[in-house]
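Novice: Below you will find the structure I want to go over with you.
FYI, it's all coordinate maths here, none of it is from the lab. Here the structure is a predicted model, which means the values were calculated and not measured. Cβ: placed from backbone, ideal geometry, glycine included. Neighbour counts: every protein chain shown.
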Amino acid sequence: MKYIFIPLIILLFSFKSNGQTLSIIPQPVSIEQQDGVFSFSPQVKIVFDEDEFMNANYLNTYLAKYYQVRPLVQPNIKKYIALRLLNSKQKSFSPDEYFISVTTDSIVITGTDAGIFYGIQTLLQLMPAEMKMQFDIPCVTIHDYPRFSWRGMHLDCSRHFFSVEFVKKYIDMMAYYKMNTFHWHLTDDQGWRIEIKQYPKLTEVGSHRKETMVAKNFTPYIGDKTPYDGFYSQEQIKEIVKYATLRHVTIVPEIEMPGHSQAAIAAYPELACFGMSFDVLTKWGGSDVVLCPTPEVIEFYENILDEVMALFPGEYIHVGGDEVPEGHWKKSKQVTEIMLKENIKTYPGVEAYFINTIEKYIISKGKKMIGWDEILDGGVSANASIMSWRGTEGGIAAAKHGNYAVMTPGDFCYFDHCQSKNSMEPLCIGGFLPLEKVYSYEPVPTELTAEQSIYILGAQANVWTEYLATPEQIEYMIFPRMIALSEVVWSQKTKKDWWDFVGRLQYHFSLMEFRGINYRVPEPEIQLRPLAENKFTLGITSLKQNSDFYYTTDGTNPTSSSLKYSEAIEITLTPTQKIKAIAIIKSGKKSIVTESGK
Ligand code: ACM
């Protein structure tokens, strides 16, 4: 007897039977598929408007890397991919808008400069996820533009340091999914990672820590006795900025102040209120050691920002502002004097004084300031933008006051949170943020009116790296969750549909494989339907089709030599027996092991 009783299977089958062959993520504004195909071959050429060399070069380089085809650019050819800049003088277009027309003879991408880049990303998703020199691209007309202007990904490079090469890959992976803002967390208690020429000790001292706490061994503390360091030179930063610019990714550097500054204080003890010396922090969690809000410290940070602003061409500078303990300030004579002089009544007011002074400086240099939502607590200027992380309240308050906000609430956007509740999940900070929950996120809070919601710039995922030390771990945490987020921030709200997304995601599993991304293989879901005493129907599914499932009934962890599941079967289990299952995909990549909870 055969059973198909799991909605997931049915939905995936019905998706296939629609004849749908396009799997674009994020879902475009409109797609009309026509009969026929454009036959891609080494004879295809790229033609482009003069100003579109960068985008043409990007496409050429990608096609050479992944399909070993270099479509030399030349005029008067029959089969071509054309990149045509929209004439924005004739009509106003959204800054990221594009049109694609694939016919049997040509592929034409028309758009703004950034739009053409996004059109190229869509086109790349119409190509096979395997090395081929000849393939068909379905004839299609697409019109597309994003819902939000801030489509962000953050990366904490303080707790763990990531190479220039990986930061570039991170930017590449963002760009594949039309994410456009890279929030680069460069300083924190556990390491200062950006070269500042005026203050060389920031990196000479602040980029090194004696050791790193092992896993979650807070009390008693256990360190790994291995020195850890790393920083980006200004030349490396320039190289990364250029790389990002070519991929239409803006980098927002974050220089934390006045909290999360122990690494800076380890380098220059005079930055703290008591001039005491501290080491760069080796354990995770907060530190009581904060910057003293004196004019000298503020000037020190203005000097740092001069160098930072010269390196990063984007309009925003992130100043942190989160989690500032007041203990040191409460004991400090200098802080009392500042409070009297400036008529400040509270300690959040002291932070506001610090941050608002820095903001004036940033604005005087023609840039904008953004900070974590704590900067609202003591009163913030009308110009500051807010990153809402302690829930959505900060974003709501900001938008109601006419301050721009980026939504990054922990419950939906913290990609350091665990992807399952399974004890086999690799070490993660806590929380529970599965793929479907990311996909369900709606960045505009219902509390806002239509006018207020204009102040919601978009959303962002944060990737804190206390428990993520390698590129492979980062990729595991962001894929496929970033793919879900891309649809949250790019696609129109009416286009979102979880099961349709899951259907399109199937191609993206292959594409991630093809592009060398270490994504998380969805774990098997075990379903046991009772038939009679100790008799069940066993069904195993997962979010990824074509996974091979293996299972055991003796409590051992399954491997590829265990029983292979091919279809729903009848099974006899005693009350203490459990099923354990694993998904293994074609490349040999494995999911975590799941266990039946009868
Ligand atoms: C934060 O997660 N402390 C902004």
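Novice: Through the Karplus equation 6.51 cos²θ - 1.76 cosθ + 1.60, θ set to phi - 60°, convert the phi angles of region 403-410 into ³J(HN,Hα) values in whole Hz; use x for Gly and Pro.
Specialist: 9, 5, 9, 10, 8, 8, x, x
Novice: So, one more: Give me, ordered by chain and number, the residues 5 or more places off Trp192 or on other chains with an amide H under 5 Å from its own placed amide H.
Specialist: For Trp192, whose amide H was placed from the backbone, the distant partners under 5 Å are Ser207, His208.
Novice: Long-range amide H contacts for Asp416: which residues qualify at under 5 Å (H placed 1.01 Å from N, peptide plane, sequence gap of 5 or more or a different chain)?
Specialist: Amide H neighbours of Asp416, under 5 Å, 5+ apart: Trp464.
Novice: With the cut-off at 1.5 for a/c, could you classify region 41-165 from its C-alpha gyration tensor as rounded, prolate or oblate?
Specialist: Since a/c reaches 1.5 but b/c is at least a/b, the shape of region 41-165 is classed as oblate.
Novice: If you don't mind, another one. Enumerate cysteines in the chain without a disulfide-compatible partner, where compatibility requires another Cys Cβ under 4.7 angstrom.
Specialist: Cys139, Cys157, Cys413
Novice: Set the bar at 30 Å for Cα to Cα. Now go through Lys169/Lys580; Lys168/Lys586; Lys169/Lys400; Lys225/Lys437; Lys331/Lys368 and name every pair that lies beyond it.
Specialist: In this structure, Lys169/Lys580; Lys169/Lys400; Lys225/Lys437; Lys331/Lys368 exceed 30 Å between Cα atoms.
Novice: Roughly what would the spin-label model give for Asn534 and Ser587, points 7 Å off Cα along C-beta, in nm?
Specialist: A separation of 4.3 nm, rounded to one decimal place.
Novice: With N set to the number of residues, divide the alpha-carbon radius of gyration of region 349-395 by 2.2 N^0.38 Å and report two decimals.
Specialist: My calculation over the Cα atoms of region 349-395 gives 1.10.
Novice: Suppose every Lys and Arg Cβ carries +1 and every Asp and Glu Cβ carries -1, with no other charges. What dipole size does region 493-534 come out with about its Cα centre, to the nearest 20 debye?
Specialist: Value, rounded to 20: 360 debye.
Novice: Let me ask you something else. Between Glu32 and Glu567, what length in nm is gained on full extension when 0.36 nm per residue of separation is reduced by their alpha carbon distance?
Specialist: This chain segment gains 189.0 nm when fully extended.
Novice: Let me ask something else about it. Test of the criteria: in region 53-134, which trypsin sites (Lys or Arg not before Pro) are in a DSSP loop and have at most 11 other Cβ atoms within 10 angstrom of their Cβ?
Specialist: When the trypsin sites (Lys or Arg not before Pro) of region 53-134 are filtered for loop state and at most 11 Cβ neighbours within 10 Å, Lys78, Lys89, Lys91 remain.
Novice: Could I ask something else about it? Relative to the longest principal axis of the chain, what angle (0 to 90°, nearest 10) does the C-alpha long axis of helix 234-246 take?
Specialist: So the inclination is approximately 40 degrees.
Novice: Counting only C-alpha contacts under 8 Å and six or more residues apart, can you give the relative contact order of the chain as a whole percent?
Specialist: The value is 13 percent.
Novice: Moving on. Using only the Cα atoms of the chain, build the gyration tensor, take square roots of its eigenvalues as a ≥ b ≥ c, and label the shape rounded, prolate or oblate: rounded if a/c is under 1.5, else prolate if a/b is larger than b/c, else oblate.
Specialist: Verdict is oblate for the chain.
Novice: How large is ³J(HN,Hα), in whole Hz, for each residue of region 199-213 in order, when computed from phi with the Karplus curve 6.51 cos²θ - 1.76 cosθ + 1.60 and θ = phi - 60°, using x for Gly and Pro?
Specialist: Working through the residues one at a time gives 10, x, 5, 3, 9, 4, 9, x, 8, 10, 10, 4, 6, 9, 4 Hz.
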